[in-house]
Structures are given as structure tokens and as C-alpha cells.
Amino acid sequence: MSTPAHKLSVQDEVTPAEWEVRTQLAAAYRLCVRYGWTDLIFTHLAARVPGAPDQYLINPYGLLFEEITASNLIKVDFDGNVVLGDYPVNHAGHAIHTSVFRNRADLNFSLHTHTRAGIAVSTMQCGLLPLCQQANQIMGNIAYHEYGLSVATEEECARIGRDLADKHAMILLNHGLLVCGSNIPEAFLLLYNLELACKVQIDALASGQALHEPKPDDQASLARYGRLTDESGPQDLMAWAAMIRSLDANDPSYKT
């Protein structure tokens with residue numbers, strides 16, 4: 001009697017570089033759960049596949065963020081075909097993230113959220129205000145996009161790419177937030193700062209008190225401090241390493 005062939009695990013089917021990115025992206029999903037940045041099954045984070053610049057990894061449509069692991073992430077090409085995985089792809093997610101990856105070869109991670117604070121700020125004509133350190137650090141790195149009723153169109157995809165231009169963060173008006181980076185520490189820390197800045201703005205406006213904004217020189221100084229340069233790299237890496245230590249100590253199942 002013949003012995004059944006051993007089914008390869010996903011880790012066996014992909015390169016070590018891709019597995020590392022899968023692990024990082026799965027960790028980002030779990031951290032979104034921790035910080036309250038989820039919206040049931042209706043938002044998404046994506047990563048470009050190392051060695052395959054026209055393919056990306058994304059969450060299976062239908063799973064909660066707390067269920068995401070390195071193995072169950074699906075691999076999709078820019079035409080929307082699932083290359084590896086057993087789940088469908090979210091078409092709106094496909095359009096948003098390919099709009100980033102097609103237009104910016106320097107970006108490898110794209111994180112999209114529908115948080116209460118992010119959506120609230122996206123409805124304000126004033127946009128993000130320079131009220132706190134986190135806001136001032138990223139003010140010059142934010143683009144704005146007039147979000148249509150449906151993002152799953154080629155026209156909307158092209159407009160997102162054009163509006164992002166050379167920035168790393170975008171407020172999708174009346175919709176939510178989009179943050180990108182060359183690596184996951186860079187992208188995740190930027191998302192953290194943007195989300196926190198939105199929460200501070202909502203709280204400050206709700207207080208009904210007169211608001212104090214930092215002096216222009218201080219705003220400029222904070223903007224230089226928060227600029228994405230090699231000097232800020234170690235800060236991103238240290239913050240990411242700390243979050244990974246905490247994930248590993250509490251629930252390392254994202255790595256499976």
C-alpha cells in the first residue's frame with residue numbers, strides 16, 4: 001500500500017523572505033486587535049511579496065483580525081488572482097493596496113483602517129489639526145483623498161495613487177485612514193501616531209474648550225523630528241521590537 005504524499009505547509013511553499021514578511025504582517029493584524037483598530041472583517045493590511053513586486057499578501061476575506069496567522073494570509077497578484085491561499089480576496093482591499101504598490105516601488109506595506117477616530121477626522125473639513133506632538137510629527141506627510149462610493153474600480157485606484165503622491169499617509173475623506181511604509185516598523189509607528197493624533201483631536205474638540213496650537217517654529221521642529229529618515233529608523237525598530245516581545249509573551253500563534 002502506498003504512503004500518502006505529505007502535504008507541504010505554507011512555510012515550506014514560500015521563500016524564507018516571504019515567510020518573514022508573512023510573520024510581520026500577521027503580527028500587525030494582531031496588534032490592530034490590541035489597539036482597537038479593527039472593523040469586523042471589513043478592513044485590511046497588505047504587504048508586497050519579496051521577490052515578486054507584482055504580488056501582495058492580505059487577510060482572507062471573512063476572517064477576523066484575531067484569526068490571522070502567517071499561514072492563512074492569501075497571496076494575490078495585481079490582476080486580483082489568488083496565487084496561494086484558500087479564501088477570497090476583498091475587492092475594495094485589492095484596489096486600495098494595488099493603487100499603492102503599483103505607483104510606489106519604495107513602499108512594501110500598506111495599512112488601511114476604519115477606526116471611529118480616524119473616520120471622524122476624515123469627515124472634518126479642517127482635516128488633521130496640529131494639536132499634539134504626534135500630529136505635528138506627521139502633518140507634512142499626509143495626503144487627502146475624496147473617497148468615492150465604491151473603491152473597487154480602476155479609476156478610483158488610479159486616483160488614490162495620484163493623490164498619495166510622495167506621502168506615506170492618507171486620510172480617505174468620509175472613510176478612514178491609509179498608511180504606507182518601506183518596512184513594517186516604519187508603517188506601523190506612523191499608523192500609531194496618526195490614530196493617536198485623531199483620538200486627541202476628537203477629545204479636544206469634544207471638550208468645548210478653546211484650543212491651543214504649538215507655535216509655528218515648534219510645529220516645524222516637530223515635523224523635522226518625525227520625518228521618515230534614516231535617523232528615525234532606530235526609533236521605529238525599537239518600538240516594533242517592543243511590541244513583538246509583548247505579542248510573543250502573550251500569544252505567539254500569529255507565527256503559525
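The values are calculated or read from the model by the stated rules, or taken from the named source; none is laboratory data. None of these values were measured; they are calculated from a predicted model. We place every Cβ from the backbone using ideal geometry, glycine too, and count neighbours over all the protein chains shown.
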Report summary line: With criteria (1) under 16 Å from Thr23 (Cβ atoms); (2) of a type outside the set (A, V, I, L, M, F, W, C); (3) not in a loop (DSSP other than H, G, I, E, B), Asn72 comes up short on (3)
Report summary line: For region 81-108, the count of residues that are closer than 21 Å to Glu13 by Cβ and assigned to a loop (DSSP other than H, G, I, E, B) equals 7
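So that you can scan it fast, the table gives a plain yes or no per residue for (1) part of a helix (DSSP H, G or I); (2) out of contact with any Lys or Arg (no Cβ under 9 Å at 6 or more places or on another chain); (3) over 30 Å from Ala117 (Cβ atoms):
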site: Ala26; (1), (2), (3): yes, no, no
site: Cys32; (1), (2), (3): yes, yes, no
site: Trp37; (1), (2), (3): no, yes, no
site: Ile41; (1), (2), (3): no, yes, no
site: Ala47; (1), (2), (3): no, no, no
site: Tyr61; (1), (2), (3): no, yes, no
Report summary line: Scanning region 162-192 residue by residue, those under 18 Å from Arg104 (Cα atoms) and among the polar types (S, T, N, Q) turn out to be Ser182, Asn183
Query raised in the report: Quick check: anything in region 97-109 more than 23 Å from Gln24 (Cα to Cα), crowded, with 19+ Cβ neighbours inside 10 Å and in contact (Cβ under 8 Å) with a residue 40 or more places away in the chain?
Result: no
**Report entry** Among (1) under 24 Å from Asp236 (Cβ atoms); (2) of a type in the set (Val, Ile, Thr); (3) over 12 Å from the mean Cα position of the chain (by Cα); (4) surrounded by fewer than 23 Cβ atoms within 10 Å (Cβ to Cβ) - the single one Ile41 does not satisfy
**Finding:** (1)
Requested in this report: Would you be able to say whether some residue in region 15-38 is among the acidic types (Asp, Glu) and modelled with pLDDT under 95?
Outcome: no
Query raised in the report: So Ala47 clears everything in (1) at pLDDT 95 or above; (2) surrounded by 15 or more Cβ atoms within 10 Å (Cβ to Cβ); (3) touching a Pro at 6+ places or on another chain (Cβ under 7 Å) except one condition, right? Which one?
Result: (3)
Query raised in the report: Do we have Pro4 as modelled with pLDDT under 95 and part of a loop (DSSP other than H, G, I, E, B) here?
Result: yes
Query raised in the report: Of the residues in region 144-163, how many are modelled with pLDDT under 95 and either within 18 Å of Asn90 (Cβ to Cβ) or in contact with a strand residue (DSSP E or B) (Cβ under 6 Å, 6 or more places away or on another chain) (or both)?
Result: 13
